[in-house]
Amino acid sequence: MQTTPTPAPNTRSSAAGKDYRQPFLVITFLFFMWGFITVMNDVLINSFEKIFQLSALQQSLIQLCFFGAFFIISLLYFLISARSGKDPVNQIGYKNGMAISLAISGVGCMSFYPAAQTASYGVFLLALFVLATGVTLLQVCANPYAALLGAPETASSRLNLAQGLNSLGTTVGPLIGVLLIFRVFSNGVATSVSVGKTYLLYGVIFLVLALVVRFTSLPLFRNSGKIEKGWGVLKFRHLRLGAIAIFFYVGAEVSVGSWLVKFLMLDHISGLSRESANYFLAYYWGGLMIGRLMGTVSLGKAKASTKYVTMALISLGVFAFIYLITGIKKDGGNITLQLLAFDNVGVFLIFLSLNYFAFLWGKSSPSRSLSIFSVIIIALLLIVILGTGKLAFWAVISIGLFNSIMWSNIFTMAIKDLGKYTSQGSSLLVMAIVGGAILPPLQSIIIDQGFIQLSFLVPLVSYFYILYYGVVGHKPKV
């Protein structure tokens, strides 16, 4: 999940023509870290289930706390800007804002350790809310900052590349999290202490990053643009409908990721153990990385033949990377490589090919691509709800491939032609991320009744709305 507020044009132009490769390298690592820490929620859901003997509804409070913070903090940000006509982050500068955000995230992570000592689920949730507050503020600061680090005409390319690093974080996050929680800090069974120690380590990393950002020589950009006061932004129909689309998209993406492991563990799907099933989260979130990197090439200016070859190489190359890293296991005191039998991933390769051709059919059109990808996901979810075995197994995982371009396409279409209202519109779309807090609990209610497969009707409804937005709802109309 990304947020992309739009900086003022005069601020962006000040960055043109300068070499900002080193600062951009620092920023891309921040994108990686918040993707990494966000996807850890999926590992927490499956770890806390046994530690605290939780129902699915109680497990879903993890996403409610995390994405609820996105809504609360973004709403406060929106209200302050609407009343004052000023950008709060601009008062302290992007660099200082990022350092403070990282420090808050670090404190949130480190709070997991005392939470583990109390063995209290409620204290863990409080720590998670603090962590999410830092991540929310980090997104508000880092996205526009990345856009400023170079010429305005290449800002979109930089953001796509940074988002690709974010997806790398979501790909390796579950693998490292499972390794630390189940193997490094425990003997194969997750405990509150092993979770606390894992997040204590993450907290140290965030605090070190805060110091790096604070004391590294980074450009001190300030946005001199003035945010429009009042509520005039709500008059734009395509923005209002776009906010709903963001709500459903984030909610559906998080819902699938949250309950994917529980689905894979079903006897008639694969019967995997909890630890083994967690490894396949890397394929789901890695699919987003594959699609985002392919989308970056698709929107480039290279010749069509060059694009097609490059996209195919990216697809196969990233798949090979995921295939290799998911084979890394800790067996006793040794790190071993236990690759899946290649014929087990054959269905995924078919969906990978479908993803490639879907990009070609999309013809680099945001609305056309969104519509095509929505139709494919709807078909995949029907397989998930009605199917069994290997086909249903890889169908749910492959949804990540087609989720990849949805955020950027919806966001781009929703803020089109907003003019002076663009910044407020961006804040409104960030608030819509609260879908990640609402839909997983709704799905959990069905799961608690024993209907795990039928519970995927919740994201299915979401993608029908996204399809509507791609076909009709995106068209600007006041």
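Computed values, structure above
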| item | result |
| --- | --- |
| Helices (runs of 4 or more DSSP H) contained in the stretch 26-124 and holding at least 3 residues of a type in the set (Asp, Glu) | none |
| Looking only at the stretch 163-205, and only at residues there that are among the hydroxyl-bearing types (Ser, Thr, Tyr) and assigned to a loop (DSSP other than H, G, I, E, B), the one that is farthest from the chain's Cα centre (by Cα) | SER186 |
| Whichever residue in the stretch 282-310 is of a type in the set (Gly, Ala, Ser) and touching a helix residue (DSSP H, G or I) at 6+ places or on another chain (Cβ under 6 Å) and, among such residues, is farthest from LEU324 (Cα to Cα) | SER298 |
| Filter pass, ILE51 being at pLDDT 90 or above and either farther than 18 Å from VAL123 by Cα or within 15 Å of the chain's Cα centre (by Cα) (or both) | no |
| Residue count for the stretch 262-294, restricted to those that are of a type in the set (Ser, Thr, Tyr) and without any contact (Cβ under 8 Å) to a residue 24 or more places away in the chain | 2 |
| Which listed residue, of THR191, THR198, THR170, is over 18 Å from PHE48 (Cβ atoms) and not acidic (Asp, Glu) | THR170 |
| Any hit, the stretch 189-198, residues being of a type in the set (Gly, Ala, Ser), modelled with pLDDT under 95, over 24 Å from TRP407 (Cα atoms) and touching a Lys or Arg at 6+ places or on another chain (Cβ under 7 Å) | yes |
| Condition met for TYR279 (closer than 20 Å to ILE399 by Cβ, buried (at least 17 other Cβ atoms within 10 Å of the Cβ), at pLDDT 90 or above and of a type in the set (Phe, Trp, Tyr)) | no |
| Residue in the stretch 94-144 that is nearest to GLY68 (Cα to Cα), counting only those that are of a type in the set (Ser, Thr, Tyr) and surrounded by fewer than 23 Cβ atoms within 10 Å (Cβ to Cβ) | THR133 |
| Considering residues of the stretch 76-93 that are farther than 20 Å from MET431 by Cα and either among the aliphatic types (A, V, I, L, M) or in contact (Cβ under 8 Å) with a residue 40 or more places away in the chain (or both) only, the residue least open to solvent (accessible area, probe 1.4 Å) | GLY93 |
| Any hit, the stretch 323-335, residues being touching a Phe, Trp or Tyr at 6+ places or on another chain (Cβ under 9 Å), among the aliphatic types (A, V, I, L, M) and in contact (Cβ under 8 Å) with a residue 24 or more places away in the chain | no |
| Meets criteria (at pLDDT below 85, among the hydroxyl-bearing types (Ser, Thr, Tyr) and in contact with a Ser or Thr (Cβ under 8 Å, 6 or more places away or on another chain)) for SER74 | yes |
| Boolean, ALA302 is outside any helix (DSSP H, G or I), of a type in the set (A, V, I, L, M), out of contact with any strand residue (DSSP E or B) (no Cβ under 9 Å at 6 or more places or on another chain) and without any contact (Cβ under 8 Å) to a residue 24 or more places away in the chain | yes |
| Residue among LEU386, LEU401, LEU380 that alone is among the aliphatic types (A, V, I, L, M) and in contact with a Gly (Cβ under 8 Å, 6 or more places away or on another chain) | LEU401 |
| Residue that is modelled with pLDDT of 90 or more, surrounded by fewer than 18 Cβ atoms within 10 Å (Cβ to Cβ) and within 30 Å of GLN22 (Cα to Cα), where the choices are LEU266, LEU207, LEU220 | LEU207 |
| Qualifying residue in the stretch 19-41 (condition: open to solvent by less than 20 Å² (accessible area, probe 1.4 Å), out of contact with any Ser or Thr (no Cβ under 7 Å at 6 or more places or on another chain) and at pLDDT below 75) | no |
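The values are calculated or read from the model by the stated rules, or taken from the named source; none is laboratory data. Values in this document were obtained by computation on a predicted structure and should not be read as measured data. Counting neighbours? That spans all protein chains shown, and the Cβs are built from the backbone with ideal geometry, glycine included. Heads up: the accessible areas ignore ligands, DNA and RNA and are worked out on the full protein's heavy atoms, side chains in. Shrake-Rupley method; radii C 1.70, N 1.55, O 1.52, S 1.80 Å.
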